Amino acid sequence: MSNYSIKNLEEYYQVYRKSIREPENFWEEIAEEHFLWRKKWNNVLSWDFSTPQIKWFEGAKLNITENCLDRHLINRGDKTAIIFEPNDPAEEAQHITYTQLHERVCKMANVLKDQGIKKGDRVCVYLPMIPELAITLMACARIGAIHNVVFAGFSAKAVSTRIIDSDCKMVITADGSFRGNKSIDLKGIVDEALQDCELVDKVLVVKRTNADVTMVEKRDVWLQPLMDKASSDCKAELMDAEDPLFILYTSGSTGKPKGMVHTTAGYMVYTAYTFKNVFQYKENDVYWCTADIGWITGHSYIVYGPLANGATTVMFEGVPQYPDFGRFWKIIEKHKINQFYTAPTAIRALAKQNLSFVENVDLSSIKVLGSVGEPINEEAWHWYNDIIGKGKNPIVDTWWQTETGGIMISPLPYVTPTKPTYATLPFLGVQPAIVNENGEELKGNQVEGRLCIKFPWPGMARTIWNNHQRYKETYFSTYENMYFTGDGALRDEVGYYRITGRVDDVVIVSGHNLGTGPLEDAINEHPAVSESAIVGFPHDIKGNALYGYVTLKETGESRVHENLRKEINQLISERIGPIAKLDKIQFTEALPKTRSGKIMRRILRKIAENDMSNLGDTSTLLNPEVVKDIIDQRL
Ligand code: PRX
């Protein structure tokens, strides 16, 4: 018998030890008992972190949508699978049952086939948080097409880069999206993106805002009429365990975004099993994750993990501040949410508001509170725990990444005693290591260093689309025989982990990963700019904000004209998206450099943080004199 749902700490330790001692038996039991396979695997795991090659459940055949939909039809056909809560609270929420969801996914899968999509084709999805988004993901999975969701806040340039990199044949978008009191012209953004690439021959358009859009003849088609005609009978394509399920891009510190490739069987087993345990989901619970499906959190914990467990999952189209800062709490009350999963940046923003937003609603349905995306600071943790959880609902501070596919370090609610700001213990089967800069593992407790993982887990990304070499270099070359996360961490006296933040040039702003390299590339395109360096600095709500140091080609005061800051941020908006705008831009005569010409970001980071006490030895710099000027003119 597998231990699918862990009940207490003793059981956790016992099962954890087993998962480490005999990982293959452990995962095999979970996989065997809780999923629908069309053919069993020949081999549970083969791996080699040096190449790197990782395969789980090799030889197995399955379709993830049969696990998320078909197998629930008998016992949960009338159960609500998705609750859709629209942006406007006056618009009625939709409750989509498993039977209805199955039907819509099958119809959409047939539409995709009719429009020429075949197994293995890549489909770019640029949609707001409406049911069609979840349906599209599963429609792709149904026929073996690889979805590539691009968050609908990214710019046209960011969309086209991703379409080109993964060679997408089709884009699925909407006429527009509602966000708070704004509506965004998604179709216009797609049109602009497609000017740069000719790979896409079909654009399916969902009607959402009724905005006036231009439909390009032969290329653009409204989705609904095709759905109305489509058959609701669609046999699930038989997929190999290691066939790609999706590509999802994440920023790197330099270069273009990395298309992380997740495969079918391991991802399914891992997201389902983590969902069950980290949220202690029970049959009639209503679960809500506030993330957007454009990020991994939405893929794994709005769509696949919950649906594989036959859960009721909420999709929210709007934003926390619309129509007012009480929206999240009202939704919890309205749908009697039992598990609520959000990001520290939202918690901090909501904690700043008047308490009456929270006091006038009934939050008694809550059983578990989750946090994800960045370290949660002590103050936010306590507010979440005391005000939202009333001190009785455990907070699961879940650490993981786009690359890990699912939650890696987290308390299990009602099992693991929580500790503010600590993600606590590794999930079952996860073998973390803390290493020092020389790559030596720091064993025992009370150590701090860089966080690595020593052994494969089923949900890990298998490669970077079209760039296996980069996958190897980014994750498996820093430390021998280990996956390097890019995060710093410490382990306390009882073995609890606390994530201390990124140790590379990625800054997490409002929970979004932003590589500083690509942002600098965008700024440097400005004709007046000579070079730039971007660093993060602490921000009350966003966690981190961006501070840019920019040197211009011309020297002297007159060069800094009024609009320059605006133009620089405009460029960033166009190249990446508005989420990446800089909070502060300081024009400097020069940037501090090492003798080999490398920008000394460590110093710039300290100055941006207003921590001048510990700048280190600046005398080895090529141009130590610029440091004083930069400090004097600090914003
Ligand atoms: O630095 C860690 C931070 O977010 C990074 C991963 O970002 P992304 O791939 O966008 O995935 C976010 C959602 C899973 C990590 O390398 N991070 C994520 N969760 C936490 C966290 N940092 C501290 N505590 C967390 N709970």
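The values are calculated or read from the model by the stated rules, or taken from the named source; none is laboratory data. Treat the numbers as computed from the prediction; the structure is a model and nothing was measured. We place every Cβ from the backbone using ideal geometry, glycine too, and count neighbours over all the protein chains shown. We work out accessible area using only protein heavy atoms, side chains counted, and drop any ligands, DNA or RNA first. Shrake-Rupley method; radii C 1.70, N 1.55, O 1.52, S 1.80 Å.
Report yes if some residue within segment 340-349 is away from the ligand (no atom under 16 Å from the Cβ), closer than 24 Å to GLY577 by Cβ and open to solvent by 10 Å² or more (accessible area, probe 1.4 Å); otherwise report no. Yes: segment 340-349 contains one or more residues that are away from the ligand (no atom under 16 Å from the Cβ), closer than 24 Å to GLY577 by Cβ and open to solvent by 10 Å² or more (accessible area, probe 1.4 Å). Evaluate the following for ILE337: is it closer than 23 Å to PHE84 by Cα and in contact with a helix residue (DSSP H, G or I) (Cβ under 8 Å, 6 or more places away or on another chain)? For ILE337, the condition - closer than 23 Å to PHE84 by Cα and in contact with a helix residue (DSSP H, G or I) (Cβ under 8 Å, 6 or more places away or on another chain) - is met.
I'm trying to understand the selection: among the residues of segment 408-449, which are open to solvent by less than 30 Å² (accessible area, probe 1.4 Å) and under 15 Å from GLN280 (Cα atoms)? Within segment 408-449, SER410, PRO411, LEU412, PRO413, VAL415, THR416, PHE427, LEU428 meet the criteria.
Going through segment 384-399 one residue at a time, which ones are open to solvent by 10 Å² or more (accessible area, probe 1.4 Å) and over 24 Å from the mean Cα position of the chain (by Cα)? Within segment 384-399, ASP386, ILE387, LYS390, GLY391, LYS392 qualify. Applying the criterion of being of a type outside the set (A, V, I, L, M) and open to solvent by less than 30 Å² (accessible area, probe 1.4 Å) to the residues of segment 456-473, the residue that is farthest from LYS55 (Cα to Cα) is TYR471.
Entry remark, segment 350-381: residues being more than 16 Å from the ligand (Cβ to nearest atom) and either at pLDDT below 95 or surrounded by fewer than 22 Cβ atoms within 10 Å (Cβ to Cβ) (or both) number 17 in total. Taking strands (runs of 3 or more DSSP E) as the structural unit, those lying wholly within segment 174-264 and holding at least 2 residues that are touching a strand residue (DSSP E or B) at 6+ places or on another chain (Cβ under 6 Å) and within 16 Å of the ligand (Cβ to nearest atom) correspond to 244-250, 258-263.
Applying the condition of being part of a loop (DSSP other than H, G, I, E, B) and β-branched (Val, Ile, Thr) to segment 474-494 and asking which residue is most open to solvent (accessible area, probe 1.4 Å) yields VAL494. All of (1) open to solvent by 10 Å² or more (accessible area, probe 1.4 Å); (2) touching an Asp or Glu at 6+ places or on another chain (Cβ under 8 Å) hold for MET215 with one exception: (2). Might you check whether a residue that is closer than 17 Å to GLY294 by Cα, part of a strand (DSSP E or B) and touching a Cys at 6+ places or on another chain (Cβ under 6 Å) occurs anywhere in segment 111-122? Yes: segment 111-122 contains one or more residues that are closer than 17 Å to GLY294 by Cα, part of a strand (DSSP E or B) and touching a Cys at 6+ places or on another chain (Cβ under 6 Å). Can you work out which of the residues in segment 1-57 that are in a helix (DSSP H, G or I) and aromatic (Phe, Trp, Tyr) is most open to solvent (accessible area, probe 1.4 Å)? Out of the qualifying residues, it is TYR13.
Restricting attention to segment 494-506 and to residues that are near the ligand (Cβ under 10 Å from one of its atoms) and not polar (S, T, N, Q), the residue that is nearest to TYR13 (Cα to Cα) turns out to be TYR497.
Of all helices (runs of 4 or more DSSP H) completely enclosed by segment 540-635, which ones contain at least 2 residues that are open to solvent by less than 90 Å² (accessible area, probe 1.4 Å) and within 27 Å of LYS256 (Cα to Cα)?
Counting at least 2 such residues, we get 564-575, 601-608.
Of all residues in segment 529-539, those satisfying the criterion of being surrounded by 16 or more Cβ atoms within 10 Å (Cβ to Cβ) and either hydrophobic (A, V, I, L, M, F, W, C) or more than 16 Å from the ligand (Cβ to nearest atom) (or both) are VAL529, GLU531, SER532, ALA533, ILE534, VAL535, PHE537.
Restricting attention to segment 445-463, the residues that are assigned to a loop (DSSP other than H, G, I, E, B) and touching a residue at least 40 places away in the same chain (Cβ under 8 Å) add up to 10. Within segment 80-100, not a single residue is open to solvent by 60 Å² or more (accessible area, probe 1.4 Å), aromatic (Phe, Trp, Tyr), part of a strand (DSSP E or B) and assigned by TED's automatic domain parsing to the domain that holds LEU412.
Restricting to segment 276-295, name every residue that is under 15 Å from the mean Cα position of the chain (by Cα) and open to solvent by less than 10 Å² (accessible area, probe 1.4 Å). Give the steps one after another, and end with the answer.
Narrowing segment 276-295 to residues under 15 Å from the mean Cα position of the chain (by Cα): 289-295.
Listed by number, the residues that qualify are CYS289, ILE293, GLY294.
The requirement of being touching a Gly at 6+ places or on another chain (Cβ under 8 Å) and away from the ligand (no atom under 16 Å from the Cβ) is fulfilled somewhere in segment 325-338, by at least one residue.
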